[in-house]
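Below is one structure; the comments refer to it alone.
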Amino acid sequence: MALPYGAGQINASRLLSELSTPTHPGTQALMDAVEAEQLDLSACQADIDRITSRFPGLVMGMREYNLDGLEMNLILETDEGIVSDLRALTTQVPGLGSTEGMASLGMGLNLPVLLQTVQKYAREVRQNPFSCDELQDLNNAWTEINVAMNNPATMMIGSALSGLRARIDSLTMTDGEPTGTGILTIASQNPLGLLSTVSAFAPELGALGLEPGGETKKIKSMLLPPDMPTLYAAMSDTAIVLGAGLSDSDALQDELQAPASERDLLLHGHMTGEFYHSLADVMEQVPSDEVSASDIELFKQYAEIYENMEYGVRVDDAGVEMNFSLDLK
């Protein structure tokens, strides 16, 4: 379907073939302009065919582009097997996809299934490695990813973690220190098991007596700064929610029941102009060698121009779809 402001497609196999043996004058002119040599892919053709059969190409388009903002998307095409594996990774995270608050970031990614999927693909590459010299880094990368995903910490926490969402409602300076309010949602297929694991690092959480469907609990800890906003926690059968600086602790119960916008959403985030404004104010009051005056001024400009910036990654029938939208003031 054609999009209002255009669409385009890149065929991976044809692109690599053209770069290897240019047939169009424009390709040769471009390569001459950047002084690029023709690729000799003859020794890698079998490996290239293997990759392009699983990742046929890219599709991109612009749905909106005017004075009110823009909306665009890009789809990394994959074969049906990868689509199926990616769908198995997705999980429901309360509130994922919502643009409440001044900023948010969340992912619906079932870590136990991710571990199994990484092991599966690492095993495939190990049993049938890429043979050409130029692709040896792919063999090494899958080995390193598999080792990283199978470390004890990942196995311990990841076995019960299936998604996260952090929402920032306010960001201010209090007594010379940055502080804020918001909500952290931790999705889990076994929240009691996850709580037990986390309690090894934060005993205060284990001592709250949280239980699925139980009441909201106030977190008390000597380790928290005295000016820290009041912390609350609540639990359902599928998630644990932590709230900072809430005026109504019952809001956590509503957050546990908040719907996710899409079943196949892997990642979602948003930032408002208000967030950029608050961030610039905090950065001005907390000098840092890594942040210059020009950086702060840039954030102030974003605050004046942007109403809301939203982005997401979801599983599409054709592969992985990445969306980006920007609403201007």
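Just so it is clear, none of the values below were taken in a lab; they were calculated from the coordinates. Predicted, not measured: the structure shown is a model, and the values here were computed from it. No Cβ is skipped: glycine too gets one built from the backbone with ideal geometry, and neighbour counts run over all protein chains shown.
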Cβ charges +1 (Lys, Arg) and -1 (Asp, Glu), total dipole of region 1-77, debye: 280 debye
On a 0 to 90 degree scale, rounded to 10, what angle separates helix 111-127 from the longest Cα axis of the chain? 30 degrees
Please compute the net charge surrounding Pro94, taking Lys and Arg as +1 and Asp and Glu as -1 over other residues with Cβ under 10 Å from its Cβ. -1
Work out the charge dipole of region 1-77 with +1 on the Cβ of Lys and Arg and -1 on the Cβ of Asp and Glu about the Cα centre, then indicate which of Pro56, Ser20, Ala33 is farthest towards its positive end. Pro56
Over the chain, relative contact order from alpha-carbon pairs under 8 Å, at least 6 apart, %: 20 percent
Per DSSP H run of n ≥ 4, the term is -39500 (n - 2.57); total these for the chain, divide by its residue number, and report the mean residue ellipticity at 222 nm rounded to 500 deg cm²/dmol. -10500 deg cm²/dmol
With the charge dipole of the chain built from beta-carbon charges (+1 for Lys and Arg, -1 for Asp and Glu) about the Cα centre, the Cα from Tyr311, Gly6, Thr272 projecting farthest to the positive end belongs to Tyr311
One finds, for Gln38 and Ala7 with R0 = 30 angstrom and r their Cβ-Cβ distance, a FRET efficiency to the nearest 0.05 of 0.55
Along the Cα-to-Cβ line of Ser170, 7 Å from the Cα, sits a label point; which residues in region 71-110 have backbone N less than 15 Å from it? 101-103
Fewest-first ordering of His270, His277 by Cβ atoms within 10 Å yields His277, His270
Taking GluC sites (Glu not before Pro) as exposed when in a DSSP loop with at most 11 other Cβ atoms inside 10 Å, the chain has its longest clean stretch at 38-289
FRET efficiency for Glu64 and Glu204 from the Cβ-Cβ distance with R0 = 41 Å, rounded to 0.05, comes out at 0.30
Estimated FRET transfer efficiency when R0 is 22 angstrom, pair Gln257-Leu105 (beta carbons, to 0.05): 0.60
Apply the Karplus curve 6.51 cos²θ - 1.76 cosθ + 1.60, θ = phi - 60°, to the phi angles in region 84-96 and return the couplings in whole Hz, x for Gly and Pro. 4, 5, 5, 4, 5, 7, 6, 8, 7, 10, x, x, 4
Sum of side-chain charges, Phe130 neighbourhood, beta-carbon under 13 Å (Lys, Arg +1; Asp, Glu -1): -3
Quick one: length gained pulling Asp317 to Leu15 fully straight, 0.36 nm per residue minus the C-alpha distance? 106.4 nm
